[in-house]
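Visitor: First the structure, then my questions, so here it is.
The values are calculated or read from the model by the stated rules, or taken from the named source; none is laboratory data. Only a predicted model underlies this, so the values are computations on that prediction, with no experimental measurement involved. Backbone-built Cβ (ideal geometry, glycine too); neighbour counts: all protein chains shown.
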Amino acid sequence: MQREKTSSGKQGLRITVNGEPYELRIGDWPGEVSTSHTLAHTLRETLGLTGTKISCDRGACGACTVIMDEKPVLSCMILTVECEGKSITTVEGLRDPKTGRLDPLQQAFIDHTAFQCGFCTPGILMSARALLNRNPSPTEEEVKESLSGNFCRCISHYHVLKAVLAAAQKGEPTHS
Amino acid sequence: MKSFIHANARTVAEAVKLLKRYNGKAKVNAGGTDLLGVLKDRILPEDPDAIINIKTIPGLDYIRKDSKGLKIGALTSLSDICSSPKVREGYSVLAEAAYAVATPQIRNMATLGGNLCQDVRCWYYRYPNEIGGRILCLRKGSGPCLAVKGDNRYHAILEGKKCFAVCPSDTAIALTALGAKLKIAGSEGRKIVPIKDFFLTLGDILMPDEMITEVQVPKPPKKAKQTFIKFVLRKPVDFAIVSVASILAIEGGVCSEAAIVLGAVAPTPFRAVEAEKVIKGKVIDTVTSAKAAEAAVMAAKPLSKNAYKIEITKTLIKRSLLGSS
């Protein structure tokens with residue numbers, strides 16, 4: 001049950017988000033991570049990374065998708081206190097950190113208008129990014145399959161498919 | 001969520017010790033895809049005081065294969081199981097069942113042990129602790145079953161008694177057809193339980209201080225035809241309306257051994273013994289498969305809104321026997 005104690009005597013939690021290491025305190029004060037905080041809550045409220053969206057908050061819609069250990073996972077169904085030592089990528093981490101250039105996927109989404117209200121889009125981008133990281137030239141079926149956990153009520157699916165396939169065909173290497 | 005004490009267990013023994021210490025007021029957390037939903041909606045009569053993370057226990061995430069069968073660690077993720085060549089070759093019904101679960105993100109997080117232990121989806125049971133308060137029933141300790149006279153369209157057509165919620169686990173159906181055994185660790189020691197004895201109408205046989213550590217799958221008959229069919233309204237994500245797992249050994253054109261298990265029609269995985277009796281020793285054709293389908297649902301007692309499941313069950317059985325899914 002050991003955890004690192006920080007200088008204030010409270011237990012610490014170390015996570016890396018988009019390449020940045022964070023050292024958080026476990027506790028119930030503002031700025032601290034409570035045991036019942038989900039990763040989605042911590043990313044948004046404690047770390048200010050509001051790109052990740054909470055929609056159903058029950059693991060069904062995929063809007064909260066982030067990449068952890070190279071796999072797309074649902075941040076609303078993960079307890080932050082269980083993420084010790086983990087490395088997480090959110091939508092804010094897609095762009096090149098040095099030049100600010102958008103990820104080819106993000107650019108393709110703009111070029112193909114692959115969003116309307118945009119609420120599902122960060123989740124879809126993370127699922128698509130995880131797919132292209134492990135399979136740089138997916139078939140249309142493979143794209144559909146890997147996005148099957150992300151729901152869109154504006155029905156942007158058609159343009160999303162085009163955008164992901166276009167980004168895949170470009171085959172540009174990314175930094176992530 | 002109500003606040004809770006959180007602990008990262010480092011060994012199975014530590015997890016069991018903590019479970020025992022909290023005496024029923026602690027729960028283990030593996031993938032979290034079921035438990036967190038339960039905690040957020042506060043559907044349990046008593047929220048747990050402690051959550052014990054078992055993902056920090058090393059050595060429970062493995063798939064080992066030998067000539068006798070498979071041994072899968074309880075913390076193996078469903079995505080690892082459905083993509084593993086060790087499972088896909090020779091145990092395809094399990095790989096297909098694992099693949100049928102939910103969505104890619106959930107399969108990345110969810111574990112085999114957790115998929116077996118997940119709670120039912122009955123919408124009365126799952127009603128959140130909100131307007132009017134949580135809906136109590138026998139599964140929660142006491143209270144009448146509101147599904148009986150209410151909206152029971154997704155509830156059980158077979159073996160429902162006191163509780164009509166169906167077993168929601170897809171892997172449970174495949175593992176029952178495979179005749180799997182579960183290794184369970186508790187403060188009394190370790191024991192091995194056949195999966196057919198694991199599920200009960202109101203839950204499973206796990207005591208508050210126990211957890212599954214391994215799933216053991218014996219090797220099915222050589223070249224047996226393995227099928228898993230899941231009928232859902234929305235692909236993927238939905239839980240099964242009806243599902244069928246079948247393992248058929250065909251020798252000389254005749255079915256020598258059969259295991260047909262139905263899912264989402266009963267509170268536990270339902271072994272369709274009557275259907276198996278019909279086709280054993282016979283050639284599988286449209287006549288025998290229709291007879292088997294009828295035999296499977298012979299004892300069905302539909303509720304007011306779920307008789308449609310009977311037809312779907314028969315069709316899925318016929319498809320699994322005749323080969324087109």
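Visitor: Counting just the residues of the stretch B:293-316 that are basic (Lys, Arg) and assigned to a loop (DSSP other than H, G, I, E, B), which one comes out farthest from the chain's Cα centre (by Cα)?
Guide: B:305
Visitor: Condition first: of a type in the set (D, E, K, R), in contact with a strand residue (DSSP E or B) (Cβ under 8 Å, 6 or more places away or on another chain) and in contact (Cβ under 8 Å) with a residue 60 or more places away in the chain. Now tell me which residues in the stretch B:184-212 satisfy that.
Guide: The answer is B:196, B:209, B:210.
Visitor: Also, I was wondering about something else. Does residue A:80 satisfy being within 14 Å of chain B (Cβ to nearest Cβ) and polar (S, T, N, Q)?
Guide: yes
Visitor: Quick check on residue B:72: is it farther than 30 Å from residue B:220 by Cα, out of contact with any Pro (no Cβ under 7 Å at 6 or more places or on another chain) and touching a residue at least 12 places away in the same chain (Cβ under 8 Å)?
Guide: no
Visitor: Being out of contact with any Gly (no Cβ under 8 Å at 6 or more places or on another chain), part of a strand (DSSP E or B) and crowded, with 19+ Cβ neighbours inside 10 Å is the filter here; which residues of the stretch B:71-103 pass it?
Guide: B:72 - this is the single residue of the stretch B:71-103 that is out of contact with any Gly (no Cβ under 8 Å at 6 or more places or on another chain), part of a strand (DSSP E or B) and crowded, with 19+ Cβ neighbours inside 10 Å.
Visitor: Quickly run through the stretch B:286-305 and pick out the residues that are surrounded by 16 or more Cβ atoms within 10 Å (Cβ to Cβ) and under 24 Å from residue B:147 (Cα atoms).
Guide: Hits for the stretch B:286-305 are B:296, B:297, B:300, B:302, B:303.
Visitor: Can you tell me which residue among B:232, B:215, B:297, B:283 is closer than 18 Å to residue B:101 by Cα and in contact (Cβ under 8 Å) with a residue 24 or more places away in the chain?
Guide: B:215
Visitor: Within the stretch A:36-55, is there a residue that is in contact with an Asp or Glu (Cβ under 6 Å, 6 or more places away or on another chain), in a loop (DSSP other than H, G, I, E, B) and either in contact (Cβ under 8 Å) with a residue 12 or more places away in the chain or of a type outside the set (Ser, Thr, Tyr) (or both)? Explain how you work it out, then say what you get.
Guide: Here is the first cut: in the stretch A:36-55, the ones in contact with an Asp or Glu (Cβ under 6 Å, 6 or more places away or on another chain) are A:49, A:51.
Next, from what is left, pick out any that are in a loop (DSSP other than H, G, I, E, B): A:49, A:51.
Cutting the leftovers down to either in contact (Cβ under 8 Å) with a residue 12 or more places away in the chain or of a type outside the set (Ser, Thr, Tyr) (or both) gives us A:49, A:51.
Looking through the stretch A:36-55, at least one residue is in contact with an Asp or Glu (Cβ under 6 Å, 6 or more places away or on another chain), in a loop (DSSP other than H, G, I, E, B) and either in contact (Cβ under 8 Å) with a residue 12 or more places away in the chain or of a type outside the set (Ser, Thr, Tyr) (or both).
Visitor: Among the listed residues B:184, B:157, identify the single one that is at pLDDT 95 or above, in a loop (DSSP other than H, G, I, E, B) and hydrophobic (A, V, I, L, M, F, W, C).
Guide: Numbers: B:184 fails: in a loop (DSSP other than H, G, I, E, B).
It is B:157.
Visitor: Continuing with this model, one more query. So, in the stretch B:107-158, of the ones that are within 14 Å of another protein chain (Cβ to nearest Cβ) and of a type in the set (Phe, Trp, Tyr), which residue ends up farthest from residue B:193 (Cα to Cα)?
Guide: If we take residues in the stretch B:107-158 being within 14 Å of another protein chain (Cβ to nearest Cβ) and of a type in the set (Phe, Trp, Tyr), then B:127 is farthest from residue B:193 (Cα to Cα).
Visitor: Quick check: anything in the stretch B:142-163 touching a residue at least 60 places away in the same chain (Cβ under 8 Å), exposed (fewer than 15 other Cβ atoms within 10 Å of the Cβ) and acidic (Asp, Glu)?
Guide: Among the residues of the stretch B:142-163, at least one is touching a residue at least 60 places away in the same chain (Cβ under 8 Å), exposed (fewer than 15 other Cβ atoms within 10 Å of the Cβ) and acidic (Asp, Glu), which makes the answer yes.
Visitor: Would you point out the residue of the stretch A:57-72, among those that are assigned to a loop (DSSP other than H, G, I, E, B) and at the interface with chain B (Cβ under 7 Å from one of its Cβ atoms), that is farthest from residue B:40 (Cα to Cα)?
Guide: A:62
Visitor: Hey, among A:65, A:80, A:174, which residue is modelled with pLDDT under 95 and within 18 Å of the chain's Cα centre (by Cα)?
Guide: Details: A:65 fails: modelled with pLDDT under 95; A:80 fails: modelled with pLDDT under 95.
Going through A:65, A:80, A:174 in turn, just one is modelled with pLDDT under 95 and within 18 Å of the chain's Cα centre (by Cα): A:174.
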